[in-house]
1. Output the antiparallel fraction of DSSP beta bridges having both residues in the chain, as a percent to the nearest 5.
2. Provide the net charge surrounding residue 156, with neighbours chosen by a C-beta distance below 14 Å and charges set as Lys +1, Arg +1, Asp -1, Glu -1.
3. For the residues 166, 26, 217, 293, what sequence is obtained by ranking on other C-beta atoms within 10 Å, fewest first?
4. Could you work out the Rg to Rh ratio of region 27-137, with Rh taken as the Kirkwood radius (inverse of the mean 1/r over all Cα pairs)?
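Each reported figure results from applying straightforward, stated rules to the coordinates on display, with no laboratory input. The shown structure was predicted, so the numbers you read here are calculated from the model rather than taken from an experiment. Using ideal geometry, Cβ is built from the backbone for each residue, glycine included, and neighbour counts are taken over all protein chains shown.
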Amino acid sequence: MARPRIYVAGHTGMVGSAIARRLAGLGRGEVVTRTRSQLDLTDQAAVRAFFSAEAIDEVYLAAARVGGIHANATYPAEFAYENLMIEANVIRAAHDFGVERLLFLGSSCIYPKYAPQPIAEEALLSGPLEPTNEAYAIAKIAGISLCESLRTQFGRDYRAVMPTNLYGTGDRYHPLNSHVIPGLIRRFHEARVSGAHEVVVWGTGTPRREFLHVDDLAAASVFVMECPRAEYEATVGDHRISINVGSGTDLTIRELADLIAEVVGFHGLVSFDPSMPDGTPRKLLDVSRLNRLGWTSSIALADGLRRTYAEYMAELARVEAPSPSVAGGAP
């Protein structure tokens with residue numbers, strides 16, 4: 001029997017690369033990838049040509065434009081347009097060219113700002129979204145709806161996972177556009193190296209957040225994709241095809257900042273700027289559906305942060321290493 005051809009869309013990103021590593025490590029099939037220069041997923045004709053030529057059996061749709069509060073608030077048009085185009089093109093082409101199984105990677109920001117905690121999958125569309133990432137959230141909700149519609153109308157086995165806040169291997173450490181954990185790691189590291197006595201963190205420090213290492217998400221994604229259809233559908237119900245993925249625990253941003261300061265070795269003052277936005281007051285996912293299927297996270301936050309900081313330090317060393325000199329003259 002031929003090995004399945006598994007297309008991982010977005011394999012150069014943090015989530016996609018983790019899924020590709022997981023699939024390769026498990027020997028699940030032939031992992032098919034394309035860089036953005038090879039295949040622009042916002043180009044409908046190019047996406048359809050790809051699926052027409054490649055005989056794909058499964059899709060993990062991890063490609064997306066992502067960023068933190070600042071990036072979402074500053075570039076809402078780009079976040080809405082690019083994510084809508086990627087999702088519509090890939091999901092529809094997968095259906096049109098006979099791909100029976102697809103896993104869509106969503107986000108916990110799809111849920112209402114004041115959803116009851118922990119947030120169950122049924123909370124989707126039950127209230128207003130967090131304004132700072134509304135454009136991104138609406139695009140992700142549209143992707144879920146398209147998967148659900150193809151399931152309802154054509155019987156496709158298209159599933160979706162809604163991960164909580166992610167961190168880990170392959171994250172971006174941009175000073176403004178990064179997510180909270182890489183942003184804090186960079187700031188505390190630079191403060192320690194420069195000898196600064198204080199690091200000021202955005203907001204009040206009181207919002208509570210849940211975090212999951214990206215390798216845990218990759219493991220959960222493959223688990224969900226490979227779950228027998230009858231078991232999966234019995235768990236998610238008749239309509240919603242999404243399932244939450246998280247650690248099941250949360251902490252305040254203040255507690256997170258203190259933990260990162262400890263991991264990095266910064267011993268100065270950690271203060272907060274309440275004039276900056278906090279975002280949603282609390283965001284903890286109800287992961288009971290996934291737990292009932294038999295999966296739980298395995299990477300504790302402190303352990304994951306230590307691993308992530310070590311990777312950040314290794315990346316800095318590679319960037320800062322001097323280029324080898326080229327010797328001249330005859331040997």
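1. 5 percent
2. -2
3. 26, 293, 166, 217
4. Working: Rg = 16.0 Å, Rh = 15.6 Å.
Rg/Rh for region 27-137 comes to 1.02.
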